[in-house]
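Worksheet: the structure to be examined is printed underneath.
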Amino acid sequence: MTPSPNGADGIDIKFSHVQLYVDRVCPVSEYKEFESSLNKFHESFNPDSNDAEVSVDNICKGQQLWNSLQGNAEEKTAFVSHGRDVVKQLIAGFGFRVTGCYPDVPGGTTPTSTANTNSVLVTSSDPNGIQILVTSVTNDKGAEKLGEYYHHFDASNVDKFYNAHSKRQGIAVLAFEVGPDCLDQIFRRYSELHPNLLPSEYKQGVKVYENEANVFEVFAYYKGEQTVSIADQGTKLRFVEPVNSKSGSNGRCKLPGIISLPAEFHSCHPAYFDHWVSNVVNRTGFLETLEDVLYFTPKVDFNAGVVAAGEAQIESTVTGNKSAKKWTTTEKDAALKDQSQIYLPINNALTEVGHVHGFLEEIGQGVQHIASRVGNIIDFIQQANDRRKMFGEGFTFLNIPRSYYGILTRDMLVKGLQYKEEHLASTKELLSPDCANFVYDICVSEGLLHDDCSLILDTREDTIKKIIDSKIPALHQEEYSLNRDGVVKTILHSRYVNLYNLLRDHLSEDSYVSIVRNKILVDVQGEDLLFQIFTSNILQRNSGEEAPFFEFIQRVCSECIGADGCPKKLKPGCGGFGIRNFLTLFLSIEVTKAMFEASNAKDCGDDAGYAFAQRKVDLFTEQLNESNPLLTEISDAMTREGMARDNIAASNQDEKKDDNEKWKLAMENESLAKARANEKLMECNLKYRKLMKELRESQSQR
């Protein structure tokens, strides 16, 4: 590969927008009317405090107000994720708004007589952030389909995508904004190195739209082997070069043809693209293509055997550019908003079971999900869940087993909260094993615990005291009474004990409970935190079908001070990509599918099918629980390895040979520790792969 023409940092590139192809886009007037109703709701709605118990009343009040505004007194049907309009989901669920369209609205000033598609642009409250363009072919069957001036809005693009994706809706285009003179370089390199990926419309070069921007598109993937096979004519990469600095800095979408529309936002968290994930047949081929043309390089590898759920196994690599931007800890807002660091995780299936394999078989290669950053994910997701319940529109999220966050065990009641000595009486242990067993059995028999031994989330302290006080045998009354406060706090602490072991006192009890309530995933890399959550499938016509989804994350960067006494620079992508959360996502997708199977079997009266699906849920959950401590080992070793690497660089700079050797040894030791933990994780994965295979084979023999 030849050196980068733009130097070590490669192409001047940043996130621009994504384009979804869907069955139908409603008239802009319909979306604006929906937004107006929501705005009226927010102006009139006065929720009570954020206390969990009052929140139920808030939801009821909100539902009543929304129904009155809609003139609808009918009982709401149960929310389902399939068969929905993704634009209305984004508007209602996240408070996003339609801020652009193509063609122009009736009465507008832009001529659009040749338009054969309808598009709306959806953004959060910051126009420089996430930009989601949603497009459909016009419903006017009798209209003559003339050549579209803006080729990126031509109906032929939608037809090609549908034909390559089993006629499914999907995320069709990943679009980047590039700097001056970059577009011609990208065109030349694709022409020279990957001509098979050039659509016929772009073989002669980029398309120039005067006073707007220049545009170049390529097919993202090969159907098979790189450079040899033909292009997969589904997903495209789009590169947009604004024609002048003014058009490139005003916050609106830079794609030619988009007409800006006014929008009023209420309680909308601004969101910014973080990474875009693909499921492909040839992972290494796509990686090499991106390196050839855009000078992207691998950042993180999840190798064979590490990411597994039962019999399902995948490989994944995160590639991306080298952004020149870095910030101090006083510039966190700039780090949140920056779109110049590109990350593209790429997955391929290793087995013929599981989500990635099913996606490729059912739909074909394509974008699995779009991940975006927000500044406060707890508030963002709590709002989304509340809005869905009130408006009957929005998003649901993947099911995360409560055991991921913590369960109550007999051993916890014996040991108590050892880190808070004031909860202990005169002994080192909180309760004797006999007393702990009685307390635990009371919690089970009185319905304080779910079947998986996790505490009912909104259980109150006084409720626990009242129940145990009335049920504890006289034999253990004195011991229990002496340690009553510690027992109750231990029981409540069990709701998030696994998270606490990761984060300790960095979060309040209310924050921990909100994380559990909203099923947010948490990972730690050094002193950086990563919060993640995944929506249920979007663009899904029928339940059970494979489809893409959205991810939202919050990166919490550490506030470290360097040796010079100044704040250290924030690293792009601080918090990493979370091996713990990556595996949890993979397992959660399989758990959600198995729960769907169990629900269907139960509805059909299929007892055997229900038992089979429920056992799958149990196995995936057990695998997650067994993997958790191993993932902690891997994460801790990776963190210490990285710290040693940084210290080696510092000692080289200061010419401290003895320190250099010490840190080299430390890095080698942590690398070995990481490898050992990886081996244990792969052994765990093999164990559950065998168990799942045995379960499947036993079912097929019936």
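The values are calculated or read from the model by the stated rules, or taken from the named source; none is laboratory data. Remember, predicted model here, so these are calculated numbers, not experimental data. All Cβ positions, glycine included, derive from the backbone under ideal geometry; neighbour counts span all protein chains shown. These accessible areas exclude ligands, DNA and RNA; they are computed on the full protein's heavy atoms, side chains included. Shrake-Rupley method; radii C 1.70, N 1.55, O 1.52, S 1.80 Å.
About its Cα centre, the dipole of the chain is roughly 660 debye, where the only charges are +1 on Lys and Arg Cβ and -1 on Asp and Glu Cβ.
Computed from the C-beta positions of GLU633 and LEU350 and an R0 of 25 Å, the FRET efficiency is 0.60 to the nearest 0.05. Excluding same-chain neighbours fewer than eight residues apart, the aspartates and glutamates reachable from LYS690 by a Cα-Cα span under 14 Å are GLU311, GLU622. The convex hull built on the alpha-carbon positions of the range 592-702 has an orientation-averaged projected area of 8.3 nm². Each helix, a run of at least 4 DSSP H residues, gives -39500 (n - 2.57); summed and divided by the residues of the chain, these come to -13500 deg cm²/dmol at 222 nm. Evaluated with a Cβ-only charge set (Lys, Arg +1; Asp, Glu -1), the range 444-548 carries a dipole of roughly 240 debye about its Cα centre, given to the nearest 20.
How large is the convex hull of the Cα atoms of the range 373-512 per residue, expressed in Å³ as a whole number? Don't skip to the answer; put the middle values down first.
Numbers: hull volume 18.3 nm³, N = 140.
Dividing the Cα hull volume of the range 373-512 by its residue count gives 130 Å³.
In percent, how large is the relative contact order of the range 154-235, given Cα pairs closer than 8 Å and 6 or more residues apart? After rounding, I find 32 percent.
Rounded to the nearest angstrom and ordered from largest down, what semi-axes does the equivalent ellipsoid of the range 349-404 get from its C-alpha gyration tensor (root of 5λ)? Display every interim value, and only then the final one.
Details: eigenvalues 169, 42, 35 Å².
That gives 29, 14, 13 Å for the three semi-axes.
Pairs over the 29 Å Cα-Cα cut-off, from the set LYS415/LYS465; LYS61/LYS337; LYS519/LYS602; LYS32/LYS61; LYS236/LYS337: LYS61/LYS337.
Under conditions of 20 °C and 1.002 mPa s, the range 277-391 yields 129 µm² s⁻¹ as its translational diffusion coefficient, taking Rh as the Kirkwood radius over Cα pairs in the Stokes-Einstein equation.
Its relative contact order, with pairs defined as Cα atoms under 8 Å and 6+ residues apart, puts the chain at 14 percent.
Using a probe radius of 1.4 angstrom, the carbon and sulfur fraction of the accessible surface of the range 620-702 is 50%. Once C-alpha pairs closer than 8 Å and six or more residues apart are averaged by separation and normalised to the residue number of the range 440-531, the relative contact order reads 22 percent.
The alpha carbons of the range 456-504 occupy a box of 38, 20, 12 Å along the principal axes, longest dimension given first.
Computed over the Cα atoms of the range 431-570, pair by distinct pair, the Kirkwood hydrodynamic radius stands at 18.5 angstrom. A 1.4 Å probe, protein heavy atoms only, puts the accessible area of SER125 near 50 Å².
Histogrammed with a bin width of 20 Å, the alpha carbon distances of the chain distribute as 16, 48, 31, 6, 0 percent, first bin at zero.
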